[in-house]
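Before any comments, here is the structure.
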Amino acid sequence: MGTTDRSRWLYAYLPMGVSGGATSALIPLFAYALGGSLLNVGIVAAATSVASVPAFILWGSACDRLPIRKPFLLIGFVGAGLAFLAMAASRSLSDFYLANLLAGFLGAASGPAGTVLLLGTSDRKEWPARLAIVSRMTAAGWVVGLAIGVAWLSAGPGLVGGGLNSMRALFLVGAVLAFSAAIVVQLETREPADRIERKDVHLVDAQPRVERGRYLPMRIIHFVGPRNSVGHKLPRLLRFYLFSVFLLFGGFTAFYSFFPIFLSQAYGLGNPAIFAIYIASQVTSIAVYPRVAGWVSARGSRPTQLYGTLGRSLLFGSFFLVGIAGLGDLPRLAIIVALHAGVGACWAVINVASSTLVSRLAPEGGRARALGAFNAVQGFGSIFGPLLGGSVAGLLGYGFAFAGSVGLVLAGSAVLWALRVSET
């Protein structure tokens with residue numbers, strides 16, 4: 001992939017991607033299998049974000065103060081492995097809550113340090129290419145991880161028993177992969193001679209990102225904290241846009257807090273089929289990403305993002321309506337796969353367009369602060385969304401839960417539509 005000797009540590013992101021793909025969709029399914037209600041599943045989905053939002057501030061600040069970044073990568077990757085071991089060992093929902101909190105807190109350590117180390121071990125002109133390499137490895141690894149999930153959850157019950165046993169084994173696979181990523185970091189990482197400061201990096205990272213139902217990005221540069229937020233008021237248009245982002249991410253994560261359980265309960269789909277549905281979204285997202293930059297250039301970032309958010313609102317609601325159509329099992333599964341592929345395409349559109357738009361709205365000399373606020377708002381939305389989605393699904397039923405998630409996405413789209421942004 002064109003990495004130099006001092007950048008071979010980047011290959012650690014491949015097993016980390018596989019680890020994430022094998023376990024991310026498993027988390028809500030495991031919480032439900034432990035006897036959790038839909039509200040409990042929503043709380044579990046929010047737990048990682050609850051821990052990661054303050055953790056990004058903590059780890060980012062520590063990374064800025066210390067002269068080395070490798071230890072933070074090791075904390076993040078080893079921490080992820082320990083969290084997966086804790087998930088595999090969980091015997092109650094309380095255990096599982098703590099394991100997800102651990103994943104958010106320790107996993108966040110690698111985000112700021114890894115991104116800055118990536119930039120520090122390459123020439124400035126190579127930064128976009130390096131980010132693209134990491135993006136492709138993570139995305140490809142995620143699809144491989146989901147495929148491993150399909151294979152193991154199909155064959156595993158015959159080897160270790162069904163239900164929780166096969167799920168626990170998959171968490172163990174995720175732990176081994178995370179630890180292997182840490183070994184790559186330990187063996188291959190060399191600290192650069194020239195130190196890159198995060199506050200001096202104004203690069204907009206519009207490379208492909210894997211969508212999760214929780215806030216724990218593998219790459220992050222800026223995040224708003226007490227030191228860089230006091231006394232700085234963001235422009236009015238940017239504040240309105242960030243409110244839109246909060247609503248949108250609240251809607252996205254509300255949907256995913258109950259979606260896999262809905263597929264299991266309402267449509268009787270097994271865990272392998274649910275993982276296969278997630279593969280459709282990831283593969284389509286990867287395929288669409290290269291085209292999105294051209295769409296943004298031709299139509300503008302705000303209109304392009306609106307197409308993506310409105311498309312998602314229609315697709316989210318369609319999953320509920322499919323159940324009313326009275327289709328057979330195979331045609332219904334095919335439609336669900338196609339719908340989720342569309343959801344993945346919309347994610348690619350939203351990710352690129354939103355990164356471009358927040359950069360355009362940033363004040364002169366304040367891009368780092370604007371991008372930090374943008375990342376923070378996504379995190380807060382990812383706390384609010386699962387709590388809302390899980391509670392509404394548990395108390396009022398899936399119909400209201402779908403309505404709530406779609407309503408948040410439409411509300412965010414309305415705020416976005418109302419913005420008057422110059423695209424020149």
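The values are calculated or read from the model by the stated rules, or taken from the named source; none is laboratory data. For clarity, every value in this text was computed on a predicted model and none was experimentally measured. All Cβ positions, glycine included, derive from the backbone under ideal geometry; neighbour counts span all protein chains shown. Note: areas computed on protein heavy atoms with side chains; ligands, DNA, RNA excluded. Shrake-Rupley method; radii C 1.70, N 1.55, O 1.52, S 1.80 Å.
In nm², what is the average projected area of the convex hull enclosing the Cα atoms of segment 235-308?
Over all viewing directions, segment 235-308 projects a mean Cα-hull area of 6.3 nm².
Roughly how much of Ile148 is accessible, in Å² to the nearest 10, using a 1.4 Å probe?
So the heavy atoms of Ile148 present about 60 Å² to solvent.
Could you order Phe252, Phe246 by accessible surface area, starting with the largest, using a probe radius of 1.4 Å?
Ranked from most to least accessible, the order is Phe246, Phe252.
Working only with C-alpha atoms, what are the Rg and Dmax values of segment 124-173, expressed in angstrom?
16.3, 52
On the protein heavy atoms, probe 1.4 angstrom, tell me the percent of accessible surface of segment 232-335 carried by carbon and sulfur.
66
Using the Kirkwood radius built from alpha carbon pairs, what does the Stokes-Einstein equation give as D for the chain at 20 °C and 1.002 mPa s, in µm² per second?
100
Just want to confirm a number: the relative contact order over segment 277-424, from Cα pairs under 8 angstrom separated by 6+ residues, in percent.
36 percent.
Can you put Glu126, Glu211 in order of accessible area, largest first, using a 1.4 Å probe?
Descending accessible area places them as Glu126, Glu211.
Might you tell me the accessible area per residue for the chain, computed with a 1.4 Å probe and given in Å²?
38
Per-residue counts of other Cβ atoms within 10 Å, averaged by peptide: what ranking do you get for 167-180, 388-401, highest first?
Output ranking for 167-180, 388-401: 167-180, 388-401.
With a length cut of 24 Å (Cα positions projected on each helix's long axis) and a Kyte-Doolittle mean of at least -1.0, go through the chain and give me the DSSP H helices that pass.
Membrane-span-like by this criterion, though nothing is claimed about a membrane: 38-65, 70-89, 127-160, 164-188, 236-267, 271-299, 301-322, 329-361, 367-396, 398-418.
Give me the Debye-computed log₁₀ of I(q)/I(0) at q = 0.22 Å⁻¹ for segment 284-411, equal point scatterers on Cα only, no solvent, two decimals.
The calculated log intensity ratios at q = 0.22 Å⁻¹ are -1.31.
According to the square roots a ≥ b ≥ c of the eigenvalues of the Cα gyration tensor, what is the shape class of segment 40-165, taking rounded for a/c under 1.5, prolate for a/b larger than b/c otherwise, and oblate for the remainder?
Here segment 40-165 falls in the oblate category.
Per the 1.4 Å probe, what fraction of the accessible area of segment 1-136, in percent, lies on carbon and sulfur atoms?
Result for segment 1-136: 67 percent of the exposed heavy-atom area is carbon or sulfur.
Let me know the shape class of segment 1-82, please: from the alpha-carbon gyration tensor, a ≥ b ≥ c as square roots of the eigenvalues, rounded when a/c is under 1.5, otherwise prolate if a/b is greater than b/c, or oblate.
Oblate shape, in that a/c is at least 1.5 and b/c is the bigger or equal ratio.
Size of the dipole of the chain about the Cα centre, Lys and Arg at +1 and Asp and Glu at -1 on the beta carbon, nothing else charged, in debye to 20?
800
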